[in-house]
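Structure, as structure tokens:
Read the figures in this text as sums done on the coordinates, not as results from a lab. Just so we're clear, the structure is a prediction, and the values are computed from it rather than from any experiment. Using ideal geometry, Cβ is built from the backbone for each residue, glycine included, and neighbour counts are taken over all protein chains shown.
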């Protein structure tokens with residue numbers, strides 16, 4: 001099942017809902033091989049952040065920030081897990097001030113990785129930093 005969502009970059013896209021995601025054997029093997037995560041790949045998919053990765057051949061890409069893993073969804077299934085090699089567009093993401101993992105400040109009221117709430121989190125908040133008036 002898909003639904004329309006907005007990414008941190010503000011663009012609308014079709015997204016796989018978390019209700020059921022088919023996971024390929026290849027993706028499961030890459031998850032075990034490329035990460036040290038204690039969580040299952042399905043749980044990681046559900047917690048991960050939707051990101052833009054223009055160079056990835058995917059319907060949807062999500063970032064599992066604690067392990068810097070990109071979860072690649074295409075052709076109706078989670079197909080593989082890649083190391084985040086810088087191919088994602090991070091311009092609309094922020095870093096949690098507590099754990100330093102990337103977060104989506106539009107979608108997350110608190111950090112999905114450590115639970116902290118900071119000024120960079122929270123819906124409807126904006127931070128303005130001004131330089132000296134000298």
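Can you pull the one-decimal nm distance between simple spin-label points at residue 110 and residue 90, each 7 Å off the Cα toward Cβ?
My value for the distance between the label points is 2.5 nm.
So how do 64, 20 line up by other beta-carbon neighbours within 10 Å, fewest first?
20, 64
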